Amino acid sequence: MSSHAPRLRSLGLDPATGKEALAVTHPGGILEKLADVHALKAATVLATVVGAVLEVGKASDTELAAFVRPLHAALEECVGIMAADKE
């Protein structure tokens with residue numbers, strides 16, 4: 001995943017339609033910054049929810065496994081943001 005090439009990123013949900021708003025972002029552009037903010041907010045919410053579930057300690061292995069893909073996607077997005085910031 002090169003941060004030099006434009007890529008399709010989520011900007012969140014369109015409040016009017018409820019559909020996901022996607023944009024082709026370019027390094028350093030305003031849409032990239034908006035996508036970064038959205039990704040970091042989403043990762044924060046996901047981490048909070050997973051933390052609360054773990055704290056309660058009553059989730060089954062199947063329920064916990066449901067968090068693996070979203071956590072991986074959020075982590076991958078955050079790593080991409082950090083890598084782009086270093087370039």
| Considering the Cα trace of region 13-55, what is its radius of gyration and what is Dmax, both in angstroms? | 13.4, 39
| query | For helix 30-56, what angle does its Cα long axis make with the longest principal axis of the chain, in degrees from 0 to 90 and rounded to 10? | reply | 10
| remark: For the chain, the accessible surface attributable to carbon and sulfur atoms (probe 1.4 angstrom, ligands and nucleic acids excluded) amounts in percent to 65
| request: List every residue whose amide H lies under 5 Å from the amide H of Leu11, counting only residues 5 or more places away in sequence or on a different chain, with H placed 1.01 Å from N in the peptide plane. | output: Ala21, Leu22, Ala23
| task | Sum -39500 (n - 2.57) across every DSSP H segment of at least 4 residues in the chain, then divide by the residue count to get the 222 nm mean residue ellipticity, nearest 500. | result | -19500 deg cm²/dmol
| field | Highest average packing first - 35-47, 67-79, 15-27, Cβ atoms within 10 Å | value | 35-47, 67-79, 15-27
| task | Compute the accessible area per residue over the chain, keeping the other protein chains in place, probe 1.4 Å, unit Å². | result | 73
| Taking the Cα atoms of the chain alone, what are Rg (to one decimal) and Dmax (as a whole number) in Å? | 15.0, 44
| query | For helix 68-86, what angle does its Cα long axis make with the longest principal axis of the chain, in degrees from 0 to 90 and rounded to 10? | reply | 40
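The values are calculated or read from the model by the stated rules, or taken from the named source; none is laboratory data. Everything numeric in this text was worked out from a predicted model, so none of it was measured. Virtual Cβ from ideal backbone geometry, glycine too; neighbours counted across all protein chains shown. Note: areas computed on protein heavy atoms with side chains; ligands, DNA, RNA excluded. Shrake-Rupley method; radii C 1.70, N 1.55, O 1.52, S 1.80 Å.
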